[in-house]
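Notes follow the structure.
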Amino acid sequence: MASISEWLAGEASSYILYAPPMGGVTAFSNAVGADRADETLLVSATHGEDATPTEATASLSSVLYCTPTSDGVSTPGDLTGISMPVSEFLKRSSSPAVFIDSVTTLLYYAEDASVFRFLSVLTAHIRRNDGLGVFAMTPDAHHEQTVRTFEQLFDGRIELDADGERARVDAPGAPEGWQPR
């Protein structure tokens, strides 16, 4: 059976990724990036460049750090500051993959409605570019209604297990059950 990252290599959809805190989202992004022939962007709202090991992002073509310690975007709440480089990335990529490592962090810094609009526009741009979008969220950190509201934006759901080594996908045509990451 192919790994989830290999299966995602050919996908052109947007997924919400449910992961526990410190659940291996960056490693998952890196694994998918290694299996994709096209460009892959990680928007890191949780770790600055100084806290991210180089090998954790080795297969990614770009990383946008948006933490208070970053040189680029000043905070995860600066959705306009995040959207501008992401839009530029999408314009120059033929079949892009975009990962946001923590919707939960974005929701901590910005209003729910603003984050919802931001993700709605971003997922539409990704679809128009035949790209892949994976947006990590820690569901236990939110009210159940918030999780259900944001889930509407995506074509499917991916869950990482506690150690980040296995995943399962709830989407049409996806492998069934827990698979290697």
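The values are calculated or read from the model by the stated rules, or taken from the named source; none is laboratory data. Please read all numbers here as calculations on a predicted model, not as lab measurements. Cβ: placed from backbone, ideal geometry, glycine included. Neighbour counts: every protein chain shown. Remember, those area values only see protein heavy atoms, side chains included, never the ligands or the DNA or RNA. Shrake-Rupley method; radii C 1.70, N 1.55, O 1.52, S 1.80 Å.
For this structure, a couple of remarks:
- Filtered residue count, the range 141-170, keeping only those that are at pLDDT 90 or above, assigned to a loop (DSSP other than H, G, I, E, B) and open to solvent by less than 30 Å² (accessible area, probe 1.4 Å): 2
- Just one of the listed residues (Thr69, Thr75, Thr52) is modelled with pLDDT of 70 or more and among the β-branched types (Val, Ile, Thr), and it is Thr75.
Matching residues to (1) under 25 Å from Glu151 (Cβ atoms); (2) in contact with a Leu (Cβ under 8 Å, 6 or more places away or on another chain); (3) of a type in the set (Phe, Trp, Tyr); (4) in a strand (DSSP E or B):
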{"position": "Val63", "(1), (2), (3), (4)": "no, yes, no, yes"}
{"position": "Ser74", "(1), (2), (3), (4)": "no, no, no, no"}
{"position": "Gly77", "(1), (2), (3), (4)": "yes, yes, no, no"}
{"position": "Ser83", "(1), (2), (3), (4)": "yes, yes, no, no"}
{"position": "Glu88", "(1), (2), (3), (4)": "no, no, no, no"}
{"position": "Lys91", "(1), (2), (3), (4)": "no, no, no, no"}
{"position": "Ser94", "(1), (2), (3), (4)": "no, no, no, no"}
{"position": "Val98", "(1), (2), (3), (4)": "yes, yes, no, yes"}
{"position": "Leu107", "(1), (2), (3), (4)": "yes, no, no, no"}
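- Of all residues making up the range 111-140, the number that are surrounded by fewer than 22 Cβ atoms within 10 Å (Cβ to Cβ), in contact with a helix residue (DSSP H, G or I) (Cβ under 6 Å, 6 or more places away or on another chain) and not in a helix (DSSP H, G or I): 2
- Candidate set: the range 20-32, residues that are under 15 Å from Pro180 (Cα atoms) and in contact (Cβ under 8 Å) with a residue 60 or more places away in the chain; chosen: the one surrounded by the most Cβ atoms within 10 Å (Cβ to Cβ): Ser29
- Filter result (open to solvent by 20 Å² or more (accessible area, probe 1.4 Å) and touching a residue at least 60 places away in the same chain (Cβ under 8 Å)) within the range 96-108: Thr105
- The residues of the range 4-18 that are among the aliphatic types (A, V, I, L, M) and either at pLDDT 85 or above or part of a helix (DSSP H, G or I) (or both), listed by number, are Ile4, Leu8, Ile16, Leu17.
- Any chance Leu64 is at pLDDT below 90, open to solvent by less than 40 Å² (accessible area, probe 1.4 Å), of a type outside the set (Phe, Trp, Tyr) and under 22 Å from Gly24 (Cα atoms): yes
- Restricting the range 99-124 to residues that are polar (S, T, N, Q) and modelled with pLDDT of 95 or more, the residue that is farthest from Arg36 (Cα to Cα): Ser114
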